[in-house]
1. For volume of the Cα convex hull per residue in Å³, pick the label among (i) 242; (ii) 150; (iii) 269 that corresponds to the value derived from the coordinates.
2. With both partners inside the chain, how many of the DSSP beta bridges are antiparallel, as a percent to the nearest 5?
3. Provide the FRET efficiency to the nearest 0.05 for the Asp49-Ser358 pair, computing r from the beta carbons and using R0 = 30 Å.
4. Sorted by average packing, counted as other Cβ atoms within 10 angstrom per residue and highest first, what order do 365-377, 413-425 take?
5. Run the numbers on the stretch 408-549 and let me know its relative contact order in percent, using alpha-carbon pairs under 8 Å that are six or more apart.
6. Just subtract the alpha-carbon distance of Asn37 and Ser420 from 0.36 nm times their residue separation and send over the number in nm, one decimal.
7. Determine the order of Ser292, Ser153 by accessible area, beginning with the largest, at a probe radius of 1.4 Å.
8. To the nearest 20 debye, what is the magnitude of the charge dipole of the chain about its Cα centre, counting +1 on the Cβ of each Lys and Arg and -1 on the Cβ of each Asp and Glu?
Amino acid sequence: MKKLTLLVAALVAITILTSAATRSRKTEISRNLDIFNSLYKELQTFYVDSIDAEKSINTAINAMLNDIDPYTEYIPAKEQEQFRTMTSGEYGGIGSLIQESPRGVIISEPYEGSPAYEAGLRPGDLIVMIDADSTLGWRSSAVSEKLKGQSGSMVKVTVNRPYVSDSLKVFDIKRAKIQIPSVPYYGMLKDNVGYIALNTFSEKSYPEVRDATEELIKKGAKGIVLDLRGNGGGLVESAVQILGIFLPKGTTVLNTRGKGVLNEKVYKTSVSPVDTKIPLAVLIDGASASASEIVTGALQDLDRAVVLGNRSFGKGLVQSTRQLPYDGLLKVTVAKYYIPSGRLIQAIDYSHRNPDGSVARIPDSLTTVFHTAGGREVRDGGGITPDVTIEYPDVNRLTFNVVRDNWAFDFANRYAATHSSIPAPEDFVITDTIYEEFKAFIDPAKFNYDKVCETAVDQMRKLAESEGYLNDSVSAQFDILSSMLKHDLKHDLDINRKNISPYLAGEIVSRYYHNRGEILNSLQDDRTVDSALVIINGPRYNEILNRQK
């Protein structure tokens, strides 16, 4: 009886303390909201210039949310169309990617079969008018908003097309319901292995991946490569559905844990699988995040697939949307997700920031060992580490500048304007003739790239002078070194041809065969895919997964 009395007293004390703490937090919140409200009223009343209420409040909201984590964000009503497009993969419009350039907003890539493509828009077209409105000085967001609209409605788009004589072109385009494909390409590789490229996790991703898997198996695929490189994620439910294609129905693949027991959720596969035994390889890189990591991590933890590539991004946070007044949305982090081994793959702890406000990845030394279903060691806290790491050389500054400044993009536009056809994607290569044309296309006076060696010599010369070592003899030696390390653009392009050619080939092929062809062309020389083929068709597959034949 005494123990029971003590227990009741303890529970009452805890309840009182908890209630007091709750009241204290509510009081603190109320007090700070009052301060903010009063401060803003004073600004509106006494500040010398007028204040844009919507802009300033949004700035305050975004600053507060950015201090929490980069995934918790406020989405005002006027920005929700883009958010819905990301989650559903659908929108009403002309069906084209656009981008900003020094010339203005240009067509980057019309989707194959879209109204934009069928009307005749092409990559590189400069958008100069939409209906009766000039787009001079517009940002891409304004152009995008103007191009979108109700399916079936008409829009007039006037463009300036480079590298043709009759450059000004006008297109009357009927908008349609645009479905952005989740699977831009799938097909058979050599050695009877199927390949599926998945670029997002939307509401349409599961049926696309399932259809692709079923068709590849019907064609005789003895293994599947699922390529999630560059896939930044999407819907958790889509990831769970896709896992159900390769795992038995009812398999636990994910747990999410938020505030309190009521916010814990267990995800199990709920669909009939296509094949639970076929050898499976998953490809990832540093841009594979969120839902990509759920799929990859679950398949790794359950010893269902061999993972190849580079360590994934490390996003183990789950977001949900909450409705706000005036049609606003709050996308808020509500939970962390844990894959079957029990590990959390979140790589950055946003709750503990450095004094300057920055955050860092969790060091490997602080990660914890977990075990897969078959007893293999895996770790938490840093994304998904592949079973087989594929090393790629770093992209050097010259190659980076060729891509960043659209030299490959613009050359591909000119090439397509002067060449009616090219070989099939799997046969197209950058020949000596094409590469010489590309070198001649680049204007050295307009090409910006970091001349690292020259810069380093100049810095050393300045340091030597500041420290009193720059006499005539040393200066002469610097002159010799500087002449030896003088950059020559054509020479630099020649020695970097192997690095530049894949980007150049991809741009040219996409002008004729679209994203599907670009992917197919890239598979010619893809060491990660080649490694996956060797593993799937050899003894290493079972060795890596610690299986007996």
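The values are calculated or read from the model by the stated rules, or taken from the named source; none is laboratory data. Here the structure is a predicted model, which means the values were calculated and not measured. Here the Cβ positions follow ideal geometry from the backbone for every residue, glycine too, while neighbour counts run over all protein chains shown. These area figures cover heavy atoms from the full protein model, side chains too; ligands, DNA and RNA do not enter into them. Shrake-Rupley method; radii C 1.70, N 1.55, O 1.52, S 1.80 Å.
1. The value matching this structure is (iii).
2. On the way: 51 of 67 bridges.
Counting DSSP beta bridges with both partners in the chain, the antiparallel share is about 75 percent.
3. On the way: r = 33 Å, r/R0 = 1.10.
Efficiency computed from Cβ-Cβ geometry: 0.35.
4. Working: 365-377: 12.2, 413-425: 14.9.
Result, highest mean Cβ count within 10 Å first: 413-425, 365-377.
5. On the way: 75 pairs, mean separation 54.8, N = 142.
The normalised contact order for the stretch 408-549 reaches 39 percent.
6. Details: separation 383, 0.36 × 383 = 137.88 nm, distance 6.42 nm.
Working it through step by step, the gained length comes to 131.5 nm.
7. Accessible-area ranking of Ser292, Ser153, largest first: Ser153, Ser292.
8. Working: 63 positive and 69 negative charges, 496 e Å.
Roughly 2380 debye, rounded to the nearest 20.
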